[in-house]
1. Suppose the chain between Asp34 and Lys285 were pulled fully straight at 0.36 nm per residue; how much longer would it get relative to their current alpha carbon spacing?
2. Pairs of Cα atoms under 8 Å, at least six residues apart: use those to get the relative contact order of the chain, whole percent.
3. Based only on Cα atoms, what Rg/Rh ratio does the chain have, Rh being taken as Kirkwood's radius?
4. How would Asp234, Asp303 rank on accessible area, largest to smallest, probe 1.4 Å?
5. If you take every DSSP beta bridge fully contained in the chain, what fraction is antiparallel? Give it as a percent rounded to 5.
6. What is the gain in length, in nm to one decimal, between Glu474 and Lys410 on full extension, counting 0.36 nm per residue of separation less the C-alpha to C-alpha distance?
7. Given the Cα-Cα distance of Ser484 and Ser368 and 0.36 nm per residue of separation, how much length would full extension add, in nm?
8. Counting only heavy atoms of the protein chains, get the accessible area per residue of the chain (1.4 Å probe) and round it to a whole Å² value.
Amino acid sequence: MNFYELSASQLHKMLTGKKCSAVEIAESVFGRIDAVEDRVGSYLCLTRDNALEAARKVDARIAAGEEIHPLAGIPVAIKDNICTKGVTTTCASRMLHNFVPPYNATVMDKLEAAGILMPGKLNMDEFAMGSSCETSYFHPTRNPHDLERVPGGSSGGSAACVAAGEAVLSLGSDTGGSIRQPSSLCGTIGLKPTYGSVSRYGLVAFASSLDQIGPIGRTVEDVATLYGTICGHDRMDATSARREYPNFAAELTGDVSGMRIGIPKEYYGEGVDGEVKEAIHAALKELEGRGAKLVEVSLPSTDYALSAYYIISSAEASSNLARFDGVKYGYRAENFEGLTDLYEKTRSEGFGDEVKRRIMLGTFVLSSGYYDAYYNKAKLFQKACAAEFARAFEVCDVLATPTSPTVAFKLGENFGDPLKMYAADICTIAVNIAGLPAISIPCGPTGSLPIGLQFIGPKFAEDRLFRASRALEEIRGNLCPVASL
Ligand code: GLN
């Protein structure tokens, strides 16, 4: 048996039952990394010494008879746009290739207090812009289930490392689908939490009104445990919600009898592959067999979500990324004459094509004369979209849709065609626009490429998403076996 294949809850039992040590868990995961990382490429940097030191501390606490947190001694890898004190945080960009944050993101403080082992920082699309992990300045990540295919993005490293057994859990960030779409393509479970439930302090901002940090794992219980550890109010984030959260993992059940699952017909139209629809319908039938009720609903504004998303997210990105100017952070052009030239050269050389495309688009939609035509319209749409979801939740408890319209595509297949790449998020973006929680869980037939089923809930109803997902896990057994590489 390999420790790296086990879930966090299994490992926790073994640790507290003195059946294994945290150092052994760390060594098992690093052994797996040594064996597969040159093929998968999940990581941008490894923090072996820090992880082993953290493991020894956990072992000492167990030996002293202290109680430990369910994540103590568990390898949790972190997307490289989440600030880690003393460890590079590059956003997979040349612009931040040498940036070492002097502080931790709030989620990192929480995880360190819990006693996690961080194996390293994870690859991503540059500044979280992309759906394939191919826009990373450093190298692409490959899908552990088929190395010719992409892992999805932007949190491609976060999903690939968990699918490959190179970490037990990971954190990603999701602005328009970046936790769920890679989870769908890599066969992992990924949660995009309700906007405001997880602090964004220390997350390098892409589109502040849409960004959320969230967990990726191989069991529903592990994902619930990690979410329960990072959520909560934070005075360092002005958009953080003031409320109490239940103990999601302790209250986890797969009882879906009487649960009304809404099926929005707009999510099953043209562009969604037949095999994806079939897998989802089969899974929903199984939930019906457990007493869930399937109800058809309609979300007619779905068609406009993609356009509104690229206006809002690019507008916010153009403003957020203005700070990268060669003066305050990271990369600085070598030869320049005067301040304007410094800005121009630094930004031309430091950002990749996709980031520049978003900055230009964002600057355009915010410019005078176009602001009302584009940005204001998109913000109006945002209100209408949230209201439409609220109406749907009057007749159902959760919604079920595909996470991605297709299975993982080949490296290079969509890379030269931004519009095709943007369409990869067609099923995930409306959730961010409305600030809702959603989870992606594997539902495909075993033996083929993974397919993700997305459950969407009303704000702060993560418990319902866990319940529906847990039911499927109970029916099907292990949903996320580690990829054989
Ligand atoms: N793929 C989407 C984009 O490129 C979503 C990214 C994200 O969620 N960070 O904008």
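The values are calculated or read from the model by the stated rules, or taken from the named source; none is laboratory data. Keep in mind that what you see is a predicted model, and the values were worked out from it rather than measured. Every residue, glycine as well, gets a Cβ built from its backbone with ideal geometry; the counts of neighbours run over all protein chains shown. Note: accessible area is taken over every heavy atom of the protein model, side chains too, but ligands, DNA and RNA are not part of it. Shrake-Rupley method; radii C 1.70, N 1.55, O 1.52, S 1.80 Å.
1. Additional length available on full extension: 86.2 nm.
2. Across the chain, relative contact order equals 18 percent.
3. Result for the chain is an Rg/Rh of 0.95.
4. On the way: Asp234 20, Asp303 120 Å².
My answer, sorted largest first, is Asp303, Asp234.
5. Bridges in the chain are about 70 percent antiparallel.
6. Taking Glu474 through Lys410 to full extension adds about 19.8 nm, to one decimal.
7. 36.4 nm
8. In whole numbers, the chain has 38 Å² accessible per residue.
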